[in-house]
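Working notes, beginning with the structure itself.
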Amino acid sequence: MPYATAEPLLRNITVLTGVNVAPLRELEPEVQQSALETVVGIRAVSQTFTYSDRLYLGSRYSDQTAAIIVAGPYARADVPSDDPDVPVLTPDAEARLATAVQNAAVGLSLIEDEKRERLEVSGQFELMSSAIIAITGEHSLENVLNRIVELARTVSGARYAALGVPGIHGELESFITAGIGPAEHAAIGELPRGKGLLGALITEQRSMRIRDLSQHPSSVGFPPNHPPMKSFLGVPISARGRVLGNLYLTEKRFANEFTAEDERLVELLARHAAVAIENANLYATLEFQQERLRFIIDQLPEAVVLIESDPERVTMANRQASLLLGWDLSDSLPLQVFLDRNPRYSPDGERIPNEEIPVVRSLRYGETVARSEIQLEREDGERLTLLVNSAPLRQADGSIGAAALVFQDITLLKDAEQIKDDFLSLVSHELRTPLTTIHGGSYLLMESGLDLEEDTRAEILNDIFSESKRLASLVENMVQLANIRAGRFKIDEEPVNVRLLIQRAIRGTDAVKAEREIRIGETRDMLATGDVDSLDQVLRNLVQNAVKYVPGDSPIDIDAESMDGMIIISVRDYGRGVDPDDLPLLFDRFQRGRDRETTGGMGLGLYLSRMIVEAHGGQLWLELPEDGGSRFCFSVPRAADIENDGP
């Protein structure tokens with residue numbers, strides 16, 4: 001006991017009795033030793049002892065060894081004193097002093113007990129506070145359950161502890177232990193399922209404190225190799241009327257049984273454990289939902305990016321965002337890095353300042369930006385046209401905590417729009433020319449036909465017929481294009497004589513009228529299989545292109561050969577060849593070469609030819625001979641192989 005606590009009381013006794021009263025530690029070592037040998041037994045009982053012919057009166061106020069107060073020294077009444085300052089202890093004075101010392105010991109004993117209780121409570125409070133902090137600081141349910149078992153074992157002073165989690169049918173589906181090592185676990189074998197006393201605790205849902213497990217009527221004993229257990233404390237962990245688990249504590253250390261105080265402490269721990277378990281379950285549910293949401297977001301075809309404001313960092317991005325940006329967009333990325341890696345441009349090609357980028361406007365100024373078109377430059381130099389949406393995400397107090405950015409690649413859509421515009425412009429131009437000729441010629445014949453010379457009327461009629469044929473061809477190409485795009489294109493397969501096919505195609509072009517030299521290779525006895533009208537269209541288009549784009553004094557070679565079950569037909573000219581800039585898009589629709597301004601056409605011929613050939617199971621390609629010109633080749637199945645493949 002600190003001297004400051006006992007000093008006022010001892011000083012008052014000294015004043016009242018006229019004799020020094022002090023704690024043991026303030027006396028001389030020899031007097032201390034004599035007091036320790038003499039003052040024994042129960043507290044608050046005064047005992048007299050002698051040292052060096054002087055009398056002392058001592059009384060114990062606590063069970064601690066040095067918890068003794070001593071009054072003295074006194075001179076003995078039957079022995080003459082050589083020191084007049086030392087009082088003589090008469091029988092009356094001894095009685096009064098003994099009463100005073102005993103009362104002082106009682107008072108100090110009460111103070112000591114109160115102090116000890118305060119220390120115990122303080123220790124328990126500190127232990128429980130540490131336990132509560134430990135279990136509520138965990139988010140993983142497995143870690144929470146393991147921590148609860150260990151803390152319950154510590155708080156209760158148990159040698160062994162376990163936590164059983166009941167399933168929906170009442171049996172234990174999880175059993176976590178503390179105090180039993182792996183070797184003991186292996187020797188015990190299968191963990192309990194909730195029978196016997198463990199089952200009684202599950203059923204009754206109340207705390208159970210038992211001195212001897214073997215004497216309880218619900219006890220069913222232990223399996224082989226199980227460590228001996230006698231004392232028992234069971235406490236349910238409940239929340240809102242539902243049992244989340246049960247704590248099982250056995251073998252109280254340094255005692256025969258668990259106390260009511262142990263039960264109270266474990267019940268207090270159980271209440272906080274219930275909160276921790278529910279929090280862990282909620283955290284696990286939240287994590288699952290977040291992972292599920294992230295998985296869903298990661299599967300979206302649109303790019304999704306979340307940017308938080310303090311500090312300004314990218315905290316989430318799905319896979320599509322990285323694909324569109326062209327680099328791995330990891331979490332926790334500074335906003336400035338995100339902006340600098342990909343320059344942004346307006347649709348007219350001007351660089352967009354950072355402050356005007358949609359997500360920055362949302363994050364810093366709270367603007368909602370919808371359907372904004374920007375161009376984004378990837379690190380490989382490619383530019384994408386993006387449709388961007390961004391919005392601020394506000395917190396409860398209205399401040400901006402983050403911004404959500406959603407964007408998608410509309411480059412192909414913009415290209416398609418441009419193709420559509422070009423197509424409409426092209427169609428209107430290509431249709432206007434024959435319609436103008438037909439309209440003008442027919443009007444002239446209607447108004448002045450009888451006055452015109454015969455040759456003039458014949459020429460006008462021939463123009464009307466030619467332009468009508470051209471107009472019909474344009475319409476047929478557009479219809480065929482629509483059928484191919486809609487998947488309605490069909491072929492009627494039959495054996496096709498290759499030489500007759502070539503001759504038919506030549507007659508259907510301007511080659512005869514233009515008196516062009518057509519040289520046909522050895523094609524006798526070659527049979528292909530396919531739709532004769534469709535193949536005629538392909539070959540006629542290739543021959544017509546050669547007539548159209550090559551000078552009149554240059555020959556055109558048409559040849560065919562059989563190879564690997566296919567008939568390969570080629571059309572060779574000796575003109576300038578195909579411009580290298582036209583090669584990548586040569587077989588796409590609405591693509592015309594360098595002579596587009598003088599030769600006309602809608603740019604559908606080679607595209608339709610490719611579609612027709614591929615529908616036959618073949619290919620259409622271009623070869624550029626070393627001596628100039630172009631050679632267009634296409635392959636179709638050979639008829640003999642088709643027949644041999646039959647049953």
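When the solvent-accessible area of the chain is split by element, carbon and sulfur atoms take up 51 percent of it, the probe being 1.4 Å.
Each Lys and Arg Cβ is given +1 and each Asp and Glu Cβ -1; about its Cα centre, the chain then shows a dipole of about 2460 debye.
Mean residue ellipticity, 222 nm, helices only, the chain: the sum of -39500 (n - 2.57) across DSSP H runs of n ≥ 4, divided by residue count and rounded to 500, is -14500 deg cm²/dmol. Residue separation times 0.36 nm, minus the C-alpha to C-alpha distance between Arg193 and Glu355: what's the value? Length difference between fully extended and current span is 51.9 nm. Taking every alpha-carbon pair under 8 Å whose residues sit at least 6 apart, the stretch 131-273 reaches a relative contact order of 28 percent. Which trypsin sites (Lys or Arg not before Pro) does the stretch 517-570 hold that lie in a coil by DSSP with at most 11 other beta carbons within 10 Å? The qualifying sites are Arg524. The angle separating the long axis of helix 411-448 from the principal Cα axis of greatest extent in the chain is about 20 degrees. Cβ under 14 Å from Gly349's Cβ, Gly349 left aside: what net charge do those residues give with Lys, Arg +1 and Asp, Glu -1? Neighbour charge sum, excluding Gly349 itself: 0. Of the chymotrypsin sites (Phe, Trp or Tyr not before Pro) found in the stretch 268-375, those that fall in a DSSP loop while having at most 15 other beta-carbon atoms within 10 Å are Trp327. Residues whose amide H falls under 5 Å from that of Ala239, counting only those 5 or more places apart or on a different chain, are Leu244, with hydrogens built in the peptide plane. Given the alternatives (1) 29.7; (2) 71.3; (3) 62.2, mean projected area of the Cα convex hull in nm² as computed for this entry is given by (3). Helix 29-38 and the long axis of the chain differ in direction by around 80°, with both axes built from C-alpha atoms. Relative to one another, the C-alpha centroids of the stretch 606-634 and the stretch 181-252 are positioned 84 Å apart. On a per residue basis, the chain carries 55 Å² of accessible surface, using protein heavy atoms and a 1.4 Å probe.
Computed from Cα atoms, the angle from the helix 141-156 axis to the main principal axis of the chain rounds to 0 degrees.
The modelled label-to-label distance between Asp78 and Trp327, using points 7 Å beyond Cα along the C-beta direction, is 10.7 nm.
The HN-Hα couplings worked out from phi for the stretch 626-632 by the Karplus form 6.51 cos²θ - 1.76 cosθ + 1.60 (θ = phi - 60°) are 5, 8, x, x, 9, 10, 8 Hz, whole numbers, x standing for Gly and Pro. Legend: calculated FRET efficiency, Lys469 to Arg504, from the Cβ-Cβ distance at R0 = 22 Å, rounded to 0.05, equals 0.85.
What is the calculated FRET efficiency for Arg378 to Ile491, with r their C-beta to C-beta distance and R₀ = 60 Å, to the nearest 0.05? Calculated transfer efficiency: 0.90.
Counting only aspartates and glutamates at least 8 places from Lys230 when in the same chain, those with an alpha carbon closer than 12 Å to its own are Asp212, Glu251, Glu257.
Less than 17 Å from a label point 7 Å out along the Cα-to-Cβ axis of Asp533: which backbone N atoms in the stretch 480-494 qualify, by residue? Inside the label zone: 480-484, 488-494. The overall shape of the stretch 482-588, judged from the alpha-carbon gyration tensor, is oblate: a/c is not under 1.5, and a/b is no greater than b/c.
Put simply, the amide H of Ala67, placed in the peptide plane, has no neighbours under 5 Å, leaving out anything fewer than 5 places away on its chain.
The values are calculated or read from the model by the stated rules, or taken from the named source; none is laboratory data. Owing to the predicted nature of the structure, the values given are computational and were not obtained by experimental measurement. Ideal geometry is used to build each Cβ from the backbone, glycine not excepted, and the neighbour counts take in all protein chains shown. We work out accessible area using only protein heavy atoms, side chains counted, and drop any ligands, DNA or RNA first. Shrake-Rupley method; radii C 1.70, N 1.55, O 1.52, S 1.80 Å.
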